[in-house]
Amino acid sequence: MKLTAIVSCTLLVCLVGCSSPTNDIRYYQLVTKTPLQVNNEIQQPLTVAPIKVANYLNGSGLVLRQSAVEFNVARQHLWADALEQQLQRQLLEYLLLALPNQTITAFNTPGARTLQLDIHRFYADEQGQATVSGYYTLSSIGTVTSTPFAYQVALADDGYPAMVQALSQGWQQLLQDLVMALTADQTEKE
C-alpha cells in the first residue's frame, strides 16, 4: 500500500510537470531589405557615430506601450542582439550597400561629415501600431542639421513576430530616408 502511494505521487508529480506551460524564451531580429544602390560621386567621407537609444529601450526585451504613461518590457520575447548593436550594424551595412562610393571612416575623423542617430521610441502599442521615432543629426564643417523622424506602421497580425515585422518596416523607411538625406546633403555641398 505504501509503495503504491509513493508510485502514485511520483506519477502525479511527473504528469503535472509535463502539463505545465513551458516558459520558452524567443529571440527576434529586425529584417531589412537590400537597398537599391544610389549612383553618386560622394567625395567627403562619412563618420557614423554610435546610435543612441532611450534608456527604457536598452534592455533585451521588446517593448510594448500599454498606455501614454505605461510600458511593458517583455521577459520572454527578447532581441537576439542588443538593440543598439543591431541598429548600428544594420545602419552601417545598409549605407555601405546603398552608397558604394561613400567612404565610411572611424569616429571623429577630421573633415568627415558625421551622422548621429538618436532613437526615442521603438515599440508597438496595444492598438496595433509600431512606432519608430527620434532624430538624426548630420554635421559637417560649420553646419549642423538635426531632423526629427517618426514612422508608424500597423501590425499585420497579433503577436511579437508581427510587432518585429512592423518595427522592421519603420526602421527600413528610416534607412531609406537617411540615404536620401545623405545624398541630398552631399549634392548641396558640391
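The values are calculated or read from the model by the stated rules, or taken from the named source; none is laboratory data. Keep in mind that what you see is a predicted model, and the values were worked out from it rather than measured. Glycine gets a Cβ as well: all are built from the backbone with ideal geometry, and neighbour counts include every protein chain shown. Surface accessibility is based on the protein's heavy atoms, side chains included, excluding ligands, DNA and RNA. Shrake-Rupley method; radii C 1.70, N 1.55, O 1.52, S 1.80 Å.
Selection of region 163-173 for residues being out of contact with any helix residue (DSSP H, G or I) (no Cβ under 9 Å at 6 or more places or on another chain) and either farther than 10 Å from A124 by Cα or open to solvent by 40 Å² or more (accessible area, probe 1.4 Å) (or both) yields Q165, S168, Q169, G170, Q173.
Based on this model, can you work out whether A130 counts as in contact with a strand residue (DSSP E or B) (Cβ under 7 Å, 6 or more places away or on another chain) and open to solvent by 40 Å² or more (accessible area, probe 1.4 Å)? Judged against the criteria, A130 is not a match.
Would you mind finding the one in R75, R113 that is of a type in the set (K, R), touching a strand residue (DSSP E or B) at 6+ places or on another chain (Cβ under 8 Å) and over 28 Å from G142 (Cα atoms)?
On the way: R113 fails: over 28 Å from G142 (Cα atoms).
That would be R75, the only listed residue that is of a type in the set (K, R), touching a strand residue (DSSP E or B) at 6+ places or on another chain (Cβ under 8 Å) and over 28 Å from G142 (Cα atoms).
Give region 78-91 a look and list any residue that's closer than 16 Å to H120 by Cα and either open to solvent by less than 40 Å² (accessible area, probe 1.4 Å) or out of contact with any strand residue (DSSP E or B) (no Cβ under 7 Å at 6 or more places or on another chain) (or both), or say none.
Narrowing region 78-91 to residues closer than 16 Å to H120 by Cα: 82-88.
Correct list: A82, L83, Q85, Q86, L87, Q88.
If the condition is being open to solvent by less than 80 Å² (accessible area, probe 1.4 Å) and hydrophobic (A, V, I, L, M, F, W, C), then region 32-67 contributes V38, I42, L46, V48, A49, I51, V53, A54, L57, L62, V63, L64. Scanning region 133-159 for residues that are over 14 Å from the mean Cα position of the chain (by Cα), under 21 Å from A54 (Cα atoms), among the hydroxyl-bearing types (S, T, Y) and open to solvent by less than 60 Å² (accessible area, probe 1.4 Å) yields Y136, T137, T147.
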